[in-house]
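Here's the structure, in structure tokens; my notes come after.
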Amino acid sequence: MKKILTFLAAMGLVSSASITTIACSGNKGNDNKPNPVVPDPETQGFDYGDIGDLFQETDLGQVVVSPELTRPGLGLDTFKKLVQKANELKIDWDLLEVTLSKNKATITVDDSQGKYSGSTVEFTYKVVVEISEAITLANFGSVTSAVAGNESVLLFNAITELEKINSLFHPDASNNGSNDFDIKDNNKTDSFILVAKETGDYIGEIKIFYQIN
């Protein structure tokens with residue numbers, strides 16, 4: 001029996017020593033290997049060259065944006081995403097200059113860098129807002145029966161009053177919005193549907209309420 005116990009003990013020591021040796025060997029090997037360098041995906045794969053050749057698609061189409069406290073416009077980050085998606089590129093924007101206006105933008109090359117070249121490229125787009133998002137209070141108050149029966153006057157009054165009570169609604173100030181909207185389904189008693197034309201800053205339609213005084 002003593003011989004059996006001695007043999008088992010010896011086996012245990014050998015196994016323990018073997019496990020310890022393997023573990024140490026693995027650590028030593030890892031210490032000797034250099035840590036792999038992982039490229040930063042945010043700085044890899046940029047497309048460089050003549051911007052006139054890179055930006056083949058310059059008409060970005062209609063862009064629906066959320067209503068803002070000012071007139072509808074296109075933010076810089078949104079513009080960059082649209083350009084990259086339309087042209088299937090990854091652009092190093094730090095080396096380019098972007099100028100935004102209401103429905104167009106330009107990209108020019110920063111002369112101090114050497115990765116982009118070429119002349120100014122102009123982009124066009126049409127920024128619009130869903131009218132139902134801009135008008136959250138759709139009851140503009142009292143009108144006379146004569147006004148309710150005259151759609152041109154009703155439209156003018158509605159646009160004027162809706163702008164006053166909706167902070168996110170900004171029709172074209174030059175014509176008070178009357179050239180950019182139509183009326184349909186006016187029942188001449190308490191409601192009509194305000195329809196946005198393609199010429200304006202809005203799309204869609206919304207039911208507007210009023211009261212006859």
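What follows draws every value from the coordinates through simple rules; no lab data is involved. It should be emphasised that the depicted structure is a prediction, and the values quoted were computed from it without experimental measurement. We place every Cβ from the backbone using ideal geometry, glycine too, and count neighbours over all the protein chains shown.
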- line: Filtering segment 93-131 for residues that are farther than 23 Å from P72 by Cβ and loosely packed, with under 14 Cβ neighbours inside 10 Å leaves a count of 10
field: Checking G141 against (1) over 21 Å from R71 (Cβ atoms); (2) assigned to a helix (DSSP H, G or I); (3) touching a strand residue (DSSP E or B) at 6+ places or on another chain (Cβ under 9 Å), the condition it does not meet
entry: (2)
query: Which members of segment 168-191 meet the condition of being in contact (Cβ under 8 Å) with a residue 40 or more places away in the chain and under 16 Å from L137 (Cβ atoms)?
result: L168, F169, H170
- prompt: Restricting to segment 110-148, what's the tally of residues that are within 28 Å of K81 (Cβ to Cβ) and free of Cβ contacts under 8 Å to residues at least 12 places away in the same chain?
  reply: 3
task: Kindly provide the set of residues from segment 92-138 that are farther than 25 Å from G61 by Cβ, among the small types (G, A, S) and in contact with a strand residue (DSSP E or B) (Cβ under 8 Å, 6 or more places away or on another chain), ordered by number.
output: S117, A138
